[in-house]
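The values are calculated or read from the model by the stated rules, or taken from the named source; none is laboratory data. Computed from a predicted model, the values in this text were never measured in an experiment. Please note: Cβ atoms are built from the backbone with ideal geometry, for glycine as well, and neighbour counts cover all protein chains shown. Heavy atoms of the whole protein, side chains included, go into the accessibility calculation; ligands, DNA and RNA do not. Shrake-Rupley method; radii C 1.70, N 1.55, O 1.52, S 1.80 Å.
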Amino acid sequence: MGNDKSGMHGVWGSRLTFILAATGSAVGLGNIWKFPYIIGENGGGAFVLMYLLCILATGIPVMMAEILLGRRARMSPIHTMKKMVQEEHAPKIFKSVGWMGAASGFLILSFYTVIAGWMIAYIGKMISGDFTGADRAISNAQFSSFLADPLMMSVYHTIFVVMAMGVVARGIHKGLEDGVRMMMPMLFFMLVLLFGYALTTPGFSAGWDFMFKVDFSKITTDSVVVALGHSFFTLSLGMGAIMAYGSYMPKQASLGKTVMIVATLDTMVAVVAGLIIFPIVFSYGLAPDSGPGLLFQTLPIAFGALPGGAIIGALFFTLVLIAAWSSAISIAEPAVAWAVEKGFSRAKASLCVGVLAWLLGFGSILSFSDWGQYQTWVTETHWQEEQMVHSEFHLFANVETLKANAPEGVAVQVKGKTFFDTVDALTANIMMPLGGIMIAFFVGWFMRREVIAYEARIKSTAFLKLWLFVLRYISPLAVASIFVSALM
Ligand code: TRP
């Protein structure tokens with residue numbers, strides 16, 4: 001169990017294991033499922049550029065800060081923040097980082113397990129040959145009928161919750177370490193293989209342009225908020241997951257190098273995933289902005305066209321499932337680690353967290369069918385002969401009723417968020433950036449310099465200075481200005 005004295009926590013076997021585990025946490029559905037569809041919804045290249053800037057200006061510095069805090073205190077995020085606030089005589093408000101993190105952990109886990117369940121469903125669909133020779137119509141129909149069956153979806157959701165919490169219950173050595181060792185290299189290999197396929201499709205250059213041609217007119221405040229939120233989501237930041245992992249990191253490993261490696265791997269996987277999906281989108285005439293279903297509507301067509309595609313496809317969805325698995329365990333870790341410090345057994349703590357997230361997950365499952373019409377943050381716009389005649393905002397509404405109540409001859413457009421969309425936006429776009437900005441602020445402004453320098457093990461003073469400067473000024477300012485402009 002290494003040389004720490006808390007007794008509660010182990011230490012990762014080596015720096016390499018930490019890198020694998022942190023990469024396992026970072027690389028997941030966010031990279032392969034979410035990133036492509038939000039690029040599609042937010043117009044392509046300009047969004048990708050904003051995302052990359054967010055990774056540099058906030059993601060990397062905040063990740064270093066989060067690991068530093070965990071590694072110093074060697075406790076769960078809730079207790080880490082409590083201890084650090086006392087140690088550094090900082091305002092009590094910073095303790096809320098720990099609590100907010102555990103709360104967003106439940107919320108994120110609840111929908112993350114639902115989408116991971118989709119991967120299980122698609123492994124089965126691939127094996128059974130549902131997609132052999134499939135075109136756009138077949139893959140769309142398969143996906144819609146899947147969404148319309150909440151019962152089946154609940155079965156897969158349940159399987160995944162059990163898988164994830166089972167690993168968490170076994171603890172970091174047996175559970176987390178062994179798993180990620182095998183899974184990460186296989187996933188990378190598979191992505192390279194699929195990228196090779198994407199290169200041969202007629203839509204490759206269109207896909208490439210969509211991702212890298214920057215059209216500044218496509219940047220809206222909304223898309224900047226989404227890019228910022230995603231930079232936190234994809235690096236597992238702002239809610240304590242990486243802090244909890246940091247608490248198991250050996251003290252002698254250098255923070256800067258480690259974080260650079262993790263962030264680079266994560267970004268590469270995301271970019272390659274986009275470069276696989278968009279060429280297929282443009283080769284088969286699919287819509288880039290088709291939302292959460294994008295991955296499921298595009299890739300099966302490609303697999304259906306390949307010799308042996310059923311097997312390759314099944315293997316691919318298995319690897320994504322495994323990537324989601326190694327991420328899900330990190331989402332649950334802050335809450336579980338806290339409960340363990342409170343005296344629960346790991347098994348009991350995992351069971352409680354799992355059951356709560358599982359229950360909440362039904363809200364997301366039903367968002368894609370029976371509850372789809374109940375939405376929050378709804379704007380209702382009435383149009384008459386291309387002219388906007390009326391616009392109204394509802395915090396919560398039944399959008400079917402709104403549409404049905406429209407006056408004769410008036411076209412209604414409603415845009416809102418389902419339960420799933422709401423939980424996703426609340427966590428990624430609000431709670432995580434807020435947690436992240438507080439972590440940056442805490443380390444940048446309240447921690448003693450000598451403690452930071454000692455804990456960070458950064459050899460180059462120039463790099464240390466640059467990091468602290470970004471943490472003090474750039475990261476908080478970037479997040480704050482994006483928040484403020486979104487509110488206005
Ligand atoms: N980063 C993971 C992904 O991109 C998801 C994830 C793991 C996460 N741990 C997290 C997201 C903690 C938010 C908070 O799929």
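Some values worked out for this structure:
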{"read-out": "Neighbour count of at most 10 Cβ within 10 Å plus DSSP loop: longest GluC sites (Glu not before Pro)-free window in the chain", "value": "1-384"}
{"read-out": "Hz values of 3J(HN,Hα) by residue in segment 313-326 - Karplus curve (6.51, -1.76, 1.60), Gly and Pro given as x", "value": "x, 4, 4, 4, 5, 5, 5, 5, 4, 5, 4, 5, 4, 5"}
{"read-out": "Net dipole in debye of segment 172-270 [+1 Lys, Arg Cβ; -1 Asp, Glu Cβ; about Cα centre; nearest 20]", "value": "260 debye"}
{"read-out": "From phi via Karplus (6.51, -1.76, 1.60), per-residue ³J(HN,Hα) for segment 69-83 in Hz, x at Gly/Pro", "value": "4, x, 5, 5, 8, 6, 9, 4, x, 4, 6, 4, 5, 4, 5"}
{"read-out": "Angle between the chain longest axis and helix 136-147 axis [Cα atoms, degrees, rounded to 10]", "value": "60 degrees"}
{"read-out": "Per-residue SASA entry for I39, accessible area with 1.4 Å probe, Å² rounded to 10", "value": "0 Å²"}
{"read-out": "Cβ crowding within 10 Å averaged over residues, with 476-483, 304-311 ranked highest first", "value": "476-483, 304-311"}
{"read-out": "In degrees, nearest ten, helix 346-367 long axis to first principal axis of the chain (Cα)", "value": "20 degrees"}
{"read-out": "In nm, spacing of pseudo-spin labels at F393 and W377 (7 Å Cα→C-beta vector)", "value": "1.2 nm"}
{"read-out": "CD proxy at 222 nm, helix term only [per DSSP H run n ≥ 4: -39500 (n - 2.57); per residue of the chain; nearest 500]", "value": "-21500 deg cm²/dmol"}
{"read-out": "Between 0 and 90°, nearest 10: helix 45-54 axis offset from the chain longest Cα axis", "value": "10 degrees"}
{"read-out": "Taking N as its residue count, the alpha carbon Rg of the chain over 2.2 N^0.38 Å", "value": "0.97"}
{"read-out": "Probe 1.4 Å - accessible area at W377, Å² to nearest ten", "value": "150 Å²"}
{"read-out": "Shape call, segment 196-238: gyration tensor on alpha carbons, a/c limit 1.5", "value": "oblate"}
{"read-out": "Positive dipole terminus of the chain, leading residue within F94, F216, A462 (C-beta point charges)", "value": "A462"}
{"read-out": "Prolate/oblate/rounded call for segment 103-257, Cα gyration tensor, a/c under 1.5 rounded", "value": "oblate"}
{"read-out": "Electrostatic dipole magnitude of the chain [Cβ: Lys, Arg +1; Asp, Glu -1; Cα centre; debye, to 20]", "value": "2380 debye"}
{"read-out": "Computed accessible area, K417, all protein chains, 1.4 angstrom probe, square angstrom", "value": "80 Å²"}
{"read-out": "By accessible area with a 1.4 Å probe, ligands and nucleic acids excluded, highest first: order of W371, W118, W358", "value": "W371, W358, W118"}
{"read-out": "Out-of-range pairs (alpha-carbon distance over 20 Å; input K83/K459; K218/K403; K257/K465; K82/K174; K82/K465)", "value": "K83/K459; K218/K403; K82/K174; K82/K465"}
{"read-out": "Two-site label geometry, I93 and L477: point separation in nm, points 7 Å out along Cα→Cβ", "value": "2.0 nm"}
{"read-out": "Overall form of segment 181-326 per C-alpha gyration tensor (a/c, 1.5; a/b vs b/c)", "value": "oblate"}
{"read-out": "Residue-by-residue Karplus 3J(HN,Hα) for segment 285-301, coefficients 6.51, -1.76, 1.60, Hz, glycine and proline x", "value": "x, 8, 8, x, 9, 7, x, x, x, 3, 4, 7, 8, 8, 4, x, 5"}
